[in-house]
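Just below is one structure, and these are the notes that go with it.
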Amino acid sequence: MSEAIRQQGRGESEAAEPRTAVRVAAVIVTHNRLSLLRGCLAAIHAQEPRPDRIVVVDNGSSDGTAEWLAEQQRRIPELLVVRQANVGSAGAYHTAFDTALRLGARWIWSTDDDGIPAPGALAELLRQGERHGLDMVGPMVVAAEDRDDLAFSMQGHSTAASFTAAAEDGIVPGAIALFNGTLLNRRVFERIGNIKREMFIWGDEWEFTLRARRAGLKDGTAVHALHVHPRNRRTQRPLAGGLLGTVEEMPANRAPFFFRNMGYIHATYEPESIRRMMVKYTLYFLLHRRCDLAGLRGFWSNYRAGLHDRYPDDLMALAAKRPIAVNGAVNGAADSPASLPGAISGERA
């Protein structure tokens, strides 16, 4: 490696070189969606070339996932299973990337359990990533309900055909939807660190994208690599007939995460968005929600906390928890994250 990987914690110290370098480690994060995980793991294991390691982070599942994964390890020797408490998608990806880096992966292929990579997706991602010198390369994410549509709108495109037409030599530069089948080079983590795990859910992938771009890392979408994912179901509510743009509506139990994380993102990367965010959501709670003062106070409290990078103590403690169990033979031994050298912890701007 050209640059020593460093650990953050109580002072920084150089981490040892990984004992075995692997080209690709696939990582899957899951929580109580065994029926989806089955298809995801099968699609990844069927790729040609196949990943050298497959890491599944079981984020506190209670639906039989642990037992099923134990069975899979008997037939998939490259499968490594990490079990931990539910620390949200951000905490799950932090553990997944940490583990893959400790295994020595040069490329890390990432997905949620509800994503299905099409045959040949990994080969195309590797080819385009290396050909164009990309640090992060994503597939074209198509909707499971209708594969002619994108699961997520990308650069104003909503259909696979129009997005493909925008490609240059098979790549749409500067467009990516982390972590939906995304292939990330090891140098990304060497440069900017790991996921901001205290974000828990909603916004961690966008923060990581912005952090990477600010560091000068290159990303793009390989339109001939396909990844199937359920259509984006998040609800956008127009304000004043759309004259003031839209606000995102969400379940009440997830709103604090969204507002806090958007506050952090705006303060760190998009300060010009702060005033507009405050005005829009104030009007939303006062007008559309008919003087929902409790909702307004919740917005202001959480958004301002994010602006100052203040996260609740319970989230910080939960994010810092280590995995409770790691199973799987790595280089002939059952290794835990503490015994696998070469990871990166923490976040660096």
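The values are calculated or read from the model by the stated rules, or taken from the named source; none is laboratory data. None of the values given here were measured: they were computed from a predicted structure. Every residue, glycine among them, receives a Cβ derived from its backbone with ideal geometry; neighbour counts consider all protein chains shown. All accessible areas refer to the heavy atoms of the entire protein, side chains included, with ligands and DNA or RNA removed. Shrake-Rupley method; radii C 1.70, N 1.55, O 1.52, S 1.80 Å.
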(request) Evaluate 2.2 N^0.38 Å with N set to the residue count of the range 51-132, then give the Cα radius of gyration divided by it. (result) 1.17
(message) Taking 22 Å as R0, compute the FRET efficiency from the Cβ-Cβ separation of residue 201 and residue 236 and round it to 0.05.
(response) 0.75
(request) Towards the positive end of the charge dipole of the chain, with charges on Cβ (+1 Lys, Arg; -1 Asp, Glu), say which of 288, 37, 238 has the farthest Cα. (result) 288
(request) Please report, in cubic angstrom per residue, the volume enclosed by the convex hull of the alpha-carbon atoms of the range 40-183. (result) 120 Å³
(request) Pull out the extension gain between residue 70 and residue 272, defined as 0.36 nm times the separation in residues minus the alpha carbon to alpha carbon distance; nm, one decimal. (result) 67.8 nm
(request) For every helix of n ≥ 4 consecutive DSSP H residues, a contribution of -39,500 (n - 2.57) applies; sum these over the chain, divide by its total residues, and give [θ] at 222 nm rounded to the nearest 500 deg cm²/dmol. (result) -10000 deg cm²/dmol
(request) For residue 162 paired with residue 210, estimate the spin-label separation in nm (one decimal), with each label point 7 Å from Cα along the Cα-to-Cβ line. (result) 2.6 nm
(request) Could you tell me how many degrees, from 0 to 90 and to the nearest 10, lie between the Cα long axis of helix 293-307 and the main elongation axis, the longest principal axis, of the Cα atoms of the chain? (result) 50 degrees
(request) With a 1.4 Å probe and every protein chain left in place, tell me how much accessible area residue 303 has, in Å² to the nearest 10. (result) 0 Å²
(request) Would you work out which of 122, 153, 87 lies farthest towards the positive end of the dipole of the chain, given +1 charges on the beta-carbon of Lys and Arg and -1 on that of Asp and Glu, about the Cα centre? (result) 87
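Could you tell me how many cubic angstrom of Cα convex hull volume the range 250-293 has per residue? Please report the intermediate quantities before stating the final value.
Working: hull volume 3.0 nm³, N = 44.
Hull volume normalised by residue count: 69 Å³.
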(request) List, largest first, the extents of the alpha carbons of the chain along their principal axes, each in whole Å. (result) 62, 48, 42
(request) Can you tell me the dipole magnitude for the range 260-319 around its Cα centre, using point charges on the Cβ only (Lys, Arg +1; Asp, Glu -1), in Debye to the nearest 20? (result) 340 debye
(request) Sort the range 138-188 into rounded, prolate or oblate with this rule: let a ≥ b ≥ c be the square roots of the eigenvalues of the Cα gyration tensor; rounded if a/c is under 1.5, and if a/c is not under 1.5, prolate when a/b is larger than b/c, oblate otherwise. (result) oblate
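Show me 114-122, 143-151 ranked by packing, highest mean number of other Cβ atoms within 10 Å first.
The most tightly packed comes first, giving 114-122, 143-151.
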(request) Give me the angle, in degrees from 0 to 90, between the Cα long axis of helix 274-283 and the longest principal axis of the Cα atoms of the chain, rounded to the nearest 10. (result) 60 degrees
(request) Please get the size of the charge dipole for the chain, origin at its Cα centre, with Cβ charges of +1 on Lys and Arg and -1 on Asp and Glu, quoted in debye to the nearest 20. (result) 720 debye
(request) Could you pull out which residues in the range 195-226 have an amide N less than 16 Å from a spot 7 Å beyond the Cα of residue 132, following the Cα-Cβ vector? (result) 213, 217-226
(message) Taking every DSSP beta bridge with both residues inside the chain, roughly what % is antiparallel (nearest 5)?
(response) 50 percent
(request) Could you work out the Rg to Rh ratio of the range 195-319, with Rh taken as the Kirkwood radius (inverse of the mean 1/r over all Cα pairs)? (result) 1.00
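What length, rounded to one decimal in nm, is gained on full extension from residue 85 through to residue 62, with 0.36 nm per residue of separation minus their alpha-carbon distance?
7.2 nm
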(message) Defining a contact as two alpha carbons under 8 Å apart and six or more residues distant in sequence, what relative contact order in percent does the chain show?
(response) 23 percent
(message) What do you get for the angle between helix 34-45 and the principal long axis of the chain? Use alpha-carbon atoms, 0 to 90 degrees, nearest ten.
(response) 50 degrees
(message) Apply the a/c threshold of 1.5 to the C-alpha gyration tensor of the range 154-242 and tell me whether it is rounded, prolate or oblate.
(response) oblate
